[in-house]
Structures are given as structure tokens and as C-alpha cells.
Amino acid sequence: MRFSANLSFLFKDAPFVQRFARARAAGDRGLLSDPDRQQVFRENVPVALELADKIGCRRLNALVGVRFPELELEAQLELARQSVAWAAEQAQAQGASIMIEAINKFENGPYLLDTTAQAVNFIDTLGADSSYILELLDRSGYAGWVGLEYNPSTPTTEESLGWIAELGYA
């Protein structure tokens with residue numbers, strides 16, 4: 001059995017930005033964009049898909065991983081693209097999909113995709129159409145919640161929600 005450290009909860013004796021180094025030293029670096037752990041990633045995807053199928057889960061979140069400063073950024077992104085594309089191909093065979101998310105670096109440390117723009121660009125480079133993600137969710141009949149997990153860059157939260165009306169969802 002393998003474990004993944006949630007740094008919101010673990011290594012709390014250290015400031016948040018230092019927790020990544022501590023987790024890495026303890027052996028947790030993520031799999032998807034880590035060249036040393038590609039085989040482990042590929043071994044875990046079928047296991048995750050089997051479990052997801054058993055419980056009726058059709059959407060799996062693939063965390064792109066932390067930024068490794070010793071690697072060239074584009075090389076790490078390319079490895080992440082290959083990993084996500086491969087996992088998505090495996091998932092598609094059982095009617096599931098692979099999702100990614102941006103995780104901000106200010107509160108979560110050196111994540112590889114730390115802005116929405118980077119995540120959209122990442123999806124675009126996979127050949128997926130990110131321009132219409134909300135529209136596709138809408139057309140597919142998705143009636144669940146879409147999480148707004150960000151810190152507003154505007155003086156008030158209300159100002160930051162303007163994009164919802166601009167896209168016609170208000």
C-alpha cells in the first residue's frame with residue numbers, strides 16, 4: 001500500500017512552503033510528472049480505475065505534481081502531458097475521464113500548474129478543447145457543483161465573480 005501526504009494536514013510543525021521539501025525527503029513527490037516514478041504511476045492508474053469503476057466514479061483527478069527545480073520546466077510539463085494523455089486513454093475505455101486542476105503556489109507551494117491559465121494551456125496542448133469546459137458540462141447535463149476554489153485577485157469576492165455573468169451563468 002502507498003500513501004500520499006496531504007500537506008494541509010501533515011508536517012504542520014513547518015511553515016507551509018517548507019512542507020514540500022519535507023514530504024519529498026520522506027518520499028512523497030507525486031508520480032505524474034516525476035521521471036523517476038513513471039512506472040509506479042502507470043502501475044497505479046489501472047488500480048485506481050478498477051476501484052473507481054467498482055464505486056461508480058467516472059471522474060478522476062490526476063494531480064500534475066510539484067515543480068522540480070532540477071528539471072527543465074518544459075521537459076517536466078511534457079512528461080505530465082504524456083502521463084495525463086495515457087491515463088485519459090485508459091480511463092476512456094471504461095467511460096471515465098481524467099481531470100486536472102491548478103493549485104495556487106502561494107498557499108500550496110511549488111505546484112507545476114499554479115494558475116488557471118497554465119491549466120487551460122496544459123489542456124490545450126493535449127488537444128482537448130478547454131474553451132468550452134463549462135459549456136460541455138452544461139450540455140452533458142451535469143447538475144453538480146463546480147468548485148470555486150481560488151483567492152480573489154480583486155478587492156472583494158463579488159468583483160471576482162464577474163466572469164460568471166460574462167459567460168452567461170448568472
| Residues located in the range 98-112, provided they are of a type in the set (S, T, N, Q) and either without any contact (Cβ under 8 Å) to a residue 24 or more places away in the chain or under 18 Å from residue 21 (Cβ atoms) (or both) | 108
| task | Output the helices (runs of 4 or more DSSP H) that fall wholly within the range 42-134 and possess 2 or more residues being touching a strand residue (DSSP E or B) at 6+ places or on another chain (Cβ under 7 Å) and under 29 Å from residue 163 (Cβ atoms), or say none. | result | 73-92
| So which of 48, 52, 91, 80 is surrounded by 11 or more Cβ atoms within 10 Å (Cβ to Cβ), at pLDDT 85 or above and under 20 Å from residue 118 (Cα atoms)? | 80
| query | In the range 27-44, which residue that is small (Gly, Ala, Ser) and either touching a helix residue (DSSP H, G or I) at 6+ places or on another chain (Cβ under 9 Å) or within 19 Å of residue 101 (Cα to Cα) (or both) is modelled with the highest pLDDT? | reply | 33
| query | Which of the following residues is within 17 Å of residue 42 (Cα to Cα), out of contact with any His (no Cβ under 6 Å at 6 or more places or on another chain), of a type outside the set (Asp, Glu) and touching a residue at least 24 places away in the same chain (Cβ under 8 Å): 87, 93? | reply | 87
| remark: Looking across the range 141-164 at residues that are modelled with pLDDT of 75 or more and of a type in the set (Ser, Thr, Tyr), the single one that is farthest from the chain's Cα centre (by Cα) is 156
| query | Right, residue 23: surrounded by 14 or more Cβ atoms within 10 Å (Cβ to Cβ), assigned to a helix (DSSP H, G or I), at pLDDT below 90 and out of contact with any Asp or Glu (no Cβ under 9 Å at 6 or more places or on another chain) or not? | reply | yes
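The values are calculated or read from the model by the stated rules, or taken from the named source; none is laboratory data. In this text, all values refer to a predicted model and were calculated from it rather than measured experimentally. Glycine gets a Cβ as well: all are built from the backbone with ideal geometry, and neighbour counts include every protein chain shown.
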